[in-house]
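Student: My structure is below; once you've seen it, I'll send some questions.
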Amino acid sequence: MERPFYPNDLQGRARLCRDVILSAGALVLRGFEDSASSGFSMKGPQDFLTETDAASEAHIRKAIAEHFPDDGFFGEEGGGSISNRLWVVDPVDGTANFARSIPHFCISIAYIENGLAEIGAIYNPALDELYFAERGAGATRNGQPIAVSATTAFETASVEMGWSGRVSNEIYLETIRDLLALGANVRRAGSGALALAYVADGRSDAYIELHMNSWDCVAGLLLVAEAGGDVCPFMEIGSLRHGGPVLASAPGIAGGISQASRIPIASADAPVAELRLA
């Protein structure tokens, strides 16, 4: 088979991103079908690890290194160095779901150049749904344009909130209580990256996580911003290496979500995709 060619520019990287996330998805789906027998290990409390995580990341890392050897790579499983041209990758987000045969998990890939998130992709191979965004070009699901919801009333709002052991249970429960007091429905489905894609698609009205790793959220935040949503200034209040708080919301309820979570919204004149490489 002839080796594909990808030009050394943003469009070439966007093409590679689409191709490699789909091929990694095929690998992950095979692992999911075998997950009941292959089992899992634990990295920490409620932090699952399967063989598929490592295989998916190795597949993505190899493809990027073959075509863009000078680009940096920062992945959940293998880490990496942070550079001005950087791929940020979660090979399987929602591993607890994956390990328990629940088809709600995804692969997340973002490309950052000179401090700007330029490309974001999130793919759920179990549903064959590919979310894709390029900075300034909007967001799509399976090639069709998507937009955040028009929700303005908390009584009809559905908000997803992720849990993190880096934040005390007291703060987590206080935030849930404040969201419920607004009248919102609060749920948790176990994949923060996919939750962000669902905000971009209008399936959820907002997503909050009080501490989230960059490989889980950079692609999703770009998706939401390109779909017309409000997002937090992630790299002002966190960092690529250490993560930070995340908020993404439909504009009609963003103010209340920000107040309840105590997470700011990026200012209107700030480039929401701008990242601090630290």
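Student: Quick one: which of ARG135, ARG177 is of a type in the set (Lys, Arg), under 30 Å from LEU16 (Cα atoms) and open to solvent by 40 Å² or more (accessible area, probe 1.4 Å)?
Tutor: So the residue among ARG135, ARG177 that is of a type in the set (Lys, Arg), under 30 Å from LEU16 (Cα atoms) and open to solvent by 40 Å² or more (accessible area, probe 1.4 Å) is ARG135.
Student: Next question. Consider PHE68 carefully, then state whether it is touching an Asp or Glu at 6+ places or on another chain (Cβ under 7 Å) and modelled with pLDDT of 95 or more. Please lay out each step first, then the result.
Tutor: On the way: touching an Asp or Glu at 6+ places or on another chain (Cβ under 7 Å): no; modelled with pLDDT of 95 or more: yes.
When the stated conditions are applied, PHE68 does not pass them.
Student: Of these, TYR198, TYR207, which one is surrounded by 19 or more Cβ atoms within 10 Å (Cβ to Cβ), farther than 18 Å from ILE112 by Cα and free of Cβ contacts under 8 Å to residues at least 40 places away in the same chain?
Tutor: None of the other options fit; the residue is TYR198.
Student: In addition: Which members of the stretch 95-116 meet the condition of being modelled with pLDDT of 95 or more and open to solvent by less than 10 Å² (accessible area, probe 1.4 Å)?
Tutor: Scanning the stretch 95-116 gives PHE105, CYS106, ILE107, SER108, ILE109, ALA110, TYR111, ILE112.
Student: Conditions: (1) open to solvent by 30 Å² or more (accessible area, probe 1.4 Å); (2) farther than 18 Å from ILE257 by Cα; (3) touching a Leu at 6+ places or on another chain (Cβ under 6 Å). PHE154 meets all but one. Number of the miss?
Tutor: (2)
Student: Do the conditions hold for GLY75, that is, is it under 15 Å from GLY243 (Cα atoms) and over 17 Å from the mean Cα position of the chain (by Cα)?
Tutor: no
Student: Run down LEU179, LEU127 and say which single residue is in a loop (DSSP other than H, G, I, E, B) and not small (Gly, Ala, Ser). Break it down stepwise before answering.
Tutor: On the way: LEU179 fails: in a loop (DSSP other than H, G, I, E, B).
Matching residue, one of LEU179, LEU127: LEU127.
Student: Right, next: Hey, GLN144 hits all of (1) open to solvent by 30 Å² or more (accessible area, probe 1.4 Å); (2) touching an Asp or Glu at 6+ places or on another chain (Cβ under 8 Å); (3) of a type outside the set (Gly, Ala, Ser) but one; which does it fall short on?
Tutor: (2)
Student: Check VAL167, VAL159 and return the single one that is open to solvent by less than 40 Å² (accessible area, probe 1.4 Å), at pLDDT below 95, in the same structural domain as GLY252 (by the TED database) and farther than 26 Å from ALA26 by Cα.
Tutor: Sole residue among the options that is open to solvent by less than 40 Å² (accessible area, probe 1.4 Å), at pLDDT below 95, in the same structural domain as GLY252 (by the TED database) and farther than 26 Å from ALA26 by Cα: VAL167.
Student: Right, here's the next one. Is at least one residue of the stretch 232-242 in contact with an Asp or Glu (Cβ under 7 Å, 6 or more places away or on another chain) and open to solvent by 10 Å² or more (accessible area, probe 1.4 Å)?
Tutor: no
Student: Let me ask another. If I filter the stretch 69-88 down to residues being of a type in the set (Asp, Glu) and under 16 Å from LEU10 (Cβ atoms), which single residue comes out as most open to solvent (accessible area, probe 1.4 Å)?
Tutor: By that ranking, first place goes to ASP70.
The values are calculated or read from the model by the stated rules, or taken from the named source; none is laboratory data. It should be emphasised that the depicted structure is a prediction, and the values quoted were computed from it without experimental measurement. Cβ sites come from the backbone with ideal geometry, for glycine too, and all protein chains shown count toward neighbours. Note: areas computed on protein heavy atoms with side chains; ligands, DNA, RNA excluded. Shrake-Rupley method; radii C 1.70, N 1.55, O 1.52, S 1.80 Å.
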